[in-house]
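First the structure, in the form of structure tokens, and then the observations on it.
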Amino acid sequence: MYVMIAAAEADAWPRLQELLDKLGLRTERVSDASELTLIAACDPPSVALVDPASWGWAHPILSGPGCGDPPCMVVGEPGAVLPEGAHSMIPADATGEEVALALMALALEGVAGDDDGSSFTAWSATSMARLDSLLASEFTGMLGLGLTAEPANPELPLELCAEIHLALPTHNAEVVLGLGFDLASARALSVLLFGEDLGIDMMRDAVQEFANTAGGAMKRAASRDGLTFSLGLPTPDIAHIRDATYGRRLVADTFSMSVWAHTLRIDDMRHKVTDLQEGAVLAEAVLGTDGDVLVPAGAVLTSDTVRRIHRELGPDEVVVVSRAA
Amino acid sequence: MGMLVLVIDDSTMIRMQVKRALTGAGFEVAEARDGQDACEKLDSGIQPGLIVCDVNMPRMNGLEFLEQLQKKPAKGTPVVMLTTEGQPDMIKKARALGSAGWLVKPFKPELLISAATSIAAKAA
């Protein structure tokens, strides 16, 4: 997540800035209209925090063409009138956690368009806040050593990366979890896991398995909260790192691992059986000719499943998926 | 010679870790990179005493493999699922398809060895 702070006073809310830094969120500060126009046009923010006194010049630019109309939160006194166009207001004396959760919920607002969205939004905000301890604990179990969470370091090269998608077809939503290592960290990790540096191909595979492990941990945690995700297969991507709601580094003595998470709204897509691809997630169950469930909703398609649907229903039947492969 | 264990996982790292743990405990290990690869290996005649199988894999996943296994001469070979998944519905389905156990990754080698040893003892 990238937060734009628009405040006439250049060093407004130092406590908030400190908090955003601790959360590993990228921030930019602007104190007048020309600065905002220049920066936001080159690099549209995912969320904006606006000083009420700056709303008059900041909002027209943020909601205008080229800035992406990010959700805006105003930092104001309790009971103050919410300016038109603002999504929410937080008091200046809000606790750090309140601000963090409000920001994360704000960034997820686009995901919460359906009736069930609010539960997903609430879950996302709290689960992102818990992700540090969840992943640190999972990887401690995997590696047998302690990891601590630190702010993300955008300067760190990420030479080996993987992302994994967790789809939630019932809420038309998806969470993407990503992991990345610089080369020195990957080598150190190989030595830790295998006793020697086994080379780049093995570590590429290992990073994908780490993403798989992280995805599984998040899926199990969500399941305890009543949300059933479908876990995809890891891919060597960094497609969502820029927009990530969550960004951190998990650090051990000899290596560090960058972690990011992002939520997406996804729309159902109707595909003919012949166009189905491995990795897509079924939004609705596919019924066989006898009316029984052939493949349940939420299933991640494999080539074997696609063959089975093809055999049972033929090539022209239409199937609804919630994420294309 | 120890019992042959077929390890099915799309991750080379996991296959390597499982192989290291099991060979250290006296088992022989054969590897397959997904369910389809495992079916081909079984069709080619390998006869494992135990199968350790991931769930989420490309081409043919672990649950689909369990279904296919029912149609093969190797039907009845005990299968332990080793996966990041822990969804009760999925575990229930695996059990219904004949799975003998379910271990969640990251796995503890001693737990896997203990499961394999116990299955080997029953088979002996």
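What follows is calculated from the coordinates using simple rules that are stated; it is not laboratory data. This is a predicted model, so every value here is computed, not measured. Counting neighbours? That spans all protein chains shown, and the Cβs are built from the backbone with ideal geometry, glycine included.
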query = What dipole magnitude, in Debye to the nearest 20, does the stretch A:214-264 give about its Cα centre under +1 on Lys/Arg Cβ and -1 on Asp/Glu Cβ?
reply = 120
inquiry  = Nothing charged except the Cβ atoms of Lys and Arg (+1) and of Asp and Glu (-1): what's the magnitude of the dipole of the protein assembly as shown about its Cα centre? Round to the nearest 20 debye.
reply    = 1940
query = When the chain is fully extended, how far beyond the present Cα-Cα distance does A:D275 get from A:E18, taking 0.36 nm per residue of separation?
reply = 87.6 nm
Shielding by partners - mean other protein chain Cβ count within 10 Å, residues of B:32-40 = 1
key: Considering only the protein assembly as shown, percent of DSSP beta bridges that pair antiparallel, nearest 5   = 55
ask   = What's the center-to-center distance, using Cα atoms, between the stretch A:127-200 and the stretch B:1-57 in Å?
value = 26
key: Dipole of the protein assembly as shown [Lys/Arg +1, Asp/Glu -1 at C-beta], most positive-end residue of B:V29, B:M3, A:G146   = B:M3
key: Dipole magnitude of the stretch B:1-46, debye to nearest 20 (Cβ charges: Lys/Arg +1, Asp/Glu -1, about Cα centre)   = 260
task = Label the stretch A:269-323 by shape, choosing from rounded, prolate and oblate, from the square roots a ≥ b ≥ c of the eigenvalues of the Cα gyration tensor; if a/c is under 1.5 it is rounded, and otherwise prolate applies when a/b is larger than b/c, oblate when it is not.
result = rounded
request  = Putting +1 on Lys and Arg Cβ atoms and -1 on Asp and Glu Cβ atoms, find which of A:W55, A:A167, A:N212 reaches farthest to the positive end of the dipole of chain A.
outcome  = A:N212
key: Karplus (6.51, -1.76, 1.60) ³J(HN,Hα), θ = phi - 60°, over the stretch A:242-255, in Hz, Gly and Pro reported as x   = 5, 9, 4, 6, 10, x, 8, 10, 9, 10, 10, 4, 10, 8
Choice from A:G291, A:G141, A:G56 with maximal GNM fluctuation in chain A (Cα, 10 Å cutoff) = A:G291
remark   = Phi angles of the stretch A:160-171, converted by Karplus (6.51 cos²θ - 1.76 cosθ + 1.60, θ = phi - 60°) into ³J(HN,Hα) in whole Hz with x for Gly and Pro, give 10, 9, 7, 10, 9, 9, 10, 9, 10, x, 5, 10
task = Pop a pseudo-label 7 angstrom from the Cα along the beta-carbon direction at both B:L103 and A:D290 and give the gap in nm to one decimal.
result = 3.6
note = Here FRET efficiency (C-beta to C-beta, B:E28 to A:E28, R₀ 56 Å, nearest 0.05) is 0.40
message = Tell me the mean residue ellipticity at 222 nm calculated for the protein assembly as shown from its helices only (DSSP H runs of n ≥ 4, each -39500 (n - 2.57), averaged over every residue, nearest 500).
response = -12000 deg cm²/dmol
key: chain A: projected area of the alpha-carbon convex hull, averaged over directions, in nm²   = 18.9
remark   = Which residues qualify? For A:V286, with a placed amide H closer than 5 Å and at least 5 residues away or on another chain, they are A:L294, A:V295, A:A297
Set of aspartates and glutamates near B:K41 by C-alpha distance (under 14 Å), chain-local residues within fewer than 8 positions excluded = B:D9, B:E31
ask   = Given the alpha-carbon gyration tensor of the stretch A:148-259, what are the semi-axes of its equivalent ellipsoid in whole angstrom, ordered largest first, with each equal to the square root of 5 times an eigenvalue?
value = 25, 15, 13
request  = Would you please name the trypsin sites (Lys or Arg not before Pro) within the stretch B:69-124 that are DSSP coil residues with at most 15 other C-beta atoms within 10 Å of their C-beta?
outcome  = B:K71, B:K75
request  = Give the angle, between 0 and 90 degrees and rounded to the nearest 10, that separates the Cα long axis of helix A:183-194 from the longest principal axis of the Cα atoms of chain A.
outcome  = 50
note = Per its Cα gyration tensor (rounded if a/c is under 1.5, else prolate when a/b beats b/c, else oblate), chain B is best filed as rounded
